[in-house]
Each structure stands twice: as structure tokens, then as C-alpha cells.
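Here's the structure we're looking at; comments come further down.
The values are calculated or read from the model by the stated rules, or taken from the named source; none is laboratory data. Predicted model only: the values in this text are computed from it and were never measured. For neighbour counting, all protein chains shown are included, and Cβ atoms are generated from backbone atoms with ideal geometry for every residue, glycine included.
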Amino acid sequence: MEQLVVRLGADRQDPVYWIVWSSTEQEIIASGQLPDAGHLDTLSERAGQRPVTALVSGSEVLLKRVTMPARGGRKAIAAIPYMLEDELTGDINDQFFALGNKQGQQQDVAVVRREQMQRWKAMLDDAGLYCGAMLPDVLALPEHEGQWTILNLDQQLLVRQDSWQGMQGEMQWMLDAISYYAKRQEEPLKIASYCDHDLPTLANTDITQPVQDMPMKVLVQHALATPFNLLQGDFKVKKRRTNNALSQWRLAAILATVALLSTFVDKGIELQSLSSKKDDLTAQINTEVERGFPNLGPYRDLRRKLNEEMRSLEQGGSGVSMLVMLSQLADAFASSKVKPQTLRFDKTRAELRMQAQASNYEALERFKREAESRGFTVEQGAINNTDNQVVGSLAIRS
């Protein structure tokens, strides 16, 4: 089985080390180094369907052991962040806690800032790499009982102190820290070095070199045998489907469903808009009908009722049509600019009564003269001034 293992730094600008490893043949298929995480997408083709494991900078992961209550259950596990609160910098809500192995009452816990976990996930996701496992690089070092293990990646030094303790950082700083610690021990500090070059002499240390091999080969062999995975809880990944045909059909079904739902939503919005417009139009029609036929009375079928009223207006009892009268008075309305506000037609007397609005008294007189010149009799009623307008009552007989 072949796997792609990448080692990520704390930031996108840090170099990325990678290796394609055959666990069946126990050999390297390919390996290399990228200048930064922005070039990770060049590995997507190499990854193919291979599982991807990410080693992440140990300097960003705090490895702790917590003593749990003898009968600790879920509540005790939920309390772990508060047990470590005094040892952490920053709000515990900003930290992510991943559980490791438990021996007796000792629970291994890895603590990482959530922001850092999101950064590593984004590096891989942006490159199209499906990562199923992630662990601190120091836990990928070989474990030697009673010894520290060290390995360098260029000028970065990885140190594993025991099964659940390690540190990582710039080489010279780390060597100074190891020397400082060793000088304070009664016995020489035993170190197994997998570094690819000779180290300076460190006081009170006993350094052995088990093998001389590529750093990433050393890391990948032990990383794949480590059961711990940082991708837990909120960062747990879903298993990827390996059936490509099924995935394609599933995608097609999802797209078809989305398209169908979009159509229903569009039609629903369109129907709602049309319904709103229909209600507005109905209200406008009712307003206009009430203005034109204030005495229309109750009705069930507006069209039929209006047709009846129109026939009644066209053929009054006197044989005079209201519509004909209005047609003959059209020029009088136009020339005088008099506007009827209300109209009532008395069929028996062939009389048109109206409230008319004009700009002044002269306009009403002009309308009266024009109407009388066309053979109508006009009786003028009360005249009032309203808002710089003149409103008068007129009775017009044919």
C-alpha cells in the first residue's frame, strides 16, 4: 500500500517536506521538498487515491498528561480543558484538545490553537489533498526507552523525550536547550540521533546513531504505525468514498435536486408576485367601480353587474343615453377644462347631475354656454371655493 506523507510548518511560508512511501515494499517511491505550502497543489496528482497523512510542527502542539479521577466518565473528559487552564496561554475556548492513549488514570492530551488547526486544514484543502490523519512530527520519531530521540529537517531539530513528550524548533536553540538540561543531570543524557550530519559535542550526553537514513523515511515509517490522530471532534474528517462511479451518480443526483428545488423556489416567488399584483389590481378595480357607480349595490359577478349597468345607462327609460350625452358634451368639457367629480343619471327625466370642478367661475360659465349651444339645458346649483378650485353642482337635461 502506498501513502503520501507531508510535513507542514507552522505557517504557509514554511517549507514542506513530502514522501510517497510503499509500506508493502518498505521503500520510497518519490520524495522532495516544496518552498512553501502554496505549492502543495503540485502533489495532488501524486496523491491520487493514496491516503494522505500530515505531520505538523511540534512547536505548535502542547503534549500533556492529565491524571483522571478513578471513576471518571464523560464529565471528567469534558473537564480536561479546565484541568489544564493554568498551564495554557489564552482562552481555553480558543484551544483544541485531542485525546491520546490512556494508561490507568493517566490520559494523554494534545493541545493546539483552533486557529492553527484551521490553518493546517486550509493548506491541505486548498491543495485538494484529502488528509485522513494528522499528528505532531515529534511523535513520528522512533521511541527508545530511556533515551531521547532527535532528528533534523535542515535547520529544524525534532526531539522526542518519551512516548508523549517532545519539542521542536530552530537547531542551535534546541541544542543549547538540550545542553542546558543535560548539564543538570547526574547521569549522562542518552540520545539516539537520526540527524543527517554530525552534531557538536554536548556536555554530559551519550549520543548514539542507530541508522543513517533520510529524515522523511525515518518519520514516515513510525508515523504510519502511530495510532494517534489530531483530527478529532470538530476536525474529524468523513471517510472518502472510493467508488468513483457512485460518487459521480451521487453528484449528478445532488445537482438535479438542487436544480429542481431552485425551479420550485423560482416558481413560488413568481406565483407570490403574481398573487400580490392580482390583489393590487382587484383593489384598483373596486376603487374605480365605486367611483363610477357609487350606488351599484351588492354583487357576486362584477363583470355581469357592470354590463347590466352599462346597458341601463345606454338605454334609459326616456330613450336618452347617458353615454351619448357625455359624448356630445366632450368638447364642452375639453374647452372649459371642467372635470366631473361625481355623475348621476336620472333615466326618467333624462337628466345628468354632476359635481364639477373648475379652476374658476368663468370656466363653469364657459362649460354652461358650450353645453347650451349644443341643445342642452343647464341648471347651475351651489358653487363653492375649495383649495383654489371652484366646485359647483350642475343639472344637464337633453
Scanning segment 236-268 for residues that are of a type in the set (Lys, Arg) and outside any helix (DSSP H, G or I), the one modelled with the highest pLDDT turns out to be Lys236
Only unsatisfied item for Glu60, checking (1) of a type in the set (Asp, Glu); (2) exposed (fewer than 14 other Cβ atoms within 10 Å of the Cβ); (3) at pLDDT 95 or above, is (2)
Residues within segment 166-189 that are touching a helix residue (DSSP H, G or I) at 6+ places or on another chain (Cβ under 8 Å) and closer than 17 Å to Leu139 by Cβ, tallied: 4
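When the residues of segment 370-398 are filtered to those that are part of a helix (DSSP H, G or I) and touching a strand residue (DSSP E or B) at 6+ places or on another chain (Cβ under 9 Å), which remaining residue is surrounded by the most Cβ atoms within 10 Å (Cβ to Cβ)?
Ala371
In this structure, is Ala76 crowded, with 18+ Cβ neighbours inside 10 Å and either outside the structural domain of Met134 (by TED's automatic domain parsing) or not in a loop (DSSP other than H, G, I, E, B) (or both)?
Taking the combined requirement at face value, the residue does not satisfy it.
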How about segment 101-116: which of its residues are touching a helix residue (DSSP H, G or I) at 6+ places or on another chain (Cβ under 9 Å) and assigned to a strand (DSSP E or B)? Gln107, Val109, Ala110, Val111, Val112, Arg113
Pairs with Cβ under 7 Å, 6+ apart, first in segment 25-43 and β-branched (Val, Ile, Thr), second assigned to a helix (DSSP H, G or I): Ile28/Lys217
What are the residues in segment 188-223 that are in a loop (DSSP other than H, G, I, E, B), in contact with a strand residue (DSSP E or B) (Cβ under 9 Å, 6 or more places away or on another chain) and closer than 16 Å to His144 by Cβ, if any? Pro188, Tyr194, Cys195, Gln209, Pro210
Pairing a residue in segment 278-299 that is more than 26 Å from Asp346 (Cβ to Cβ) with any residue that is surrounded by 10 or more Cβ atoms within 10 Å (Cβ to Cβ) and modelled with pLDDT of 70 or more, where Cβ atoms lie under 8 Å and the two sit 6 or more apart in sequence or on different chains, gives Ile285/Leu302
Pick from segment 127-179 the residues that are part of a strand (DSSP E or B) and over 21 Å from Val16 (Cα atoms): which of them is nearest to the chain's Cα centre (by Cα)? Gln165
Does segment 338-354 hold any residues that are loosely packed, with under 15 Cβ neighbours inside 10 Å and either of a type in the set (S, T, N, Q) or touching a Gly at 6+ places or on another chain (Cβ under 9 Å) (or both), and which are they? Gln341, Thr342, Thr348
Could you list, in sequence order, the residues of segment 165-193 that are more than 22 Å from Val211 (Cα to Cα) and basic (Lys, Arg)? Lys183, Arg184
Single residue of segment 79-110 satisfying the filter (of a type in the set (Val, Ile, Thr) and crowded, with 19+ Cβ neighbours inside 10 Å) that is modelled with the lowest pLDDT: Ile80
For segment 339-361, does any single residue satisfy the condition of being in contact with a Ser or Thr (Cβ under 6 Å, 6 or more places away or on another chain), outside any strand (DSSP E or B) and free of Cβ contacts under 8 Å to residues at least 40 places away in the same chain? no
So which residues in segment 1-52 are assigned to a strand (DSSP E or B) and closer than 20 Å to Gln118 by Cα? Val5, Val6, Arg7, Leu8, Val16, Tyr17, Val52
With the requirement that a residue be at pLDDT below 90, under 22 Å from Phe228 (Cα atoms) and aliphatic (A, V, I, L, M), what does segment 63-76 give you? Ala76
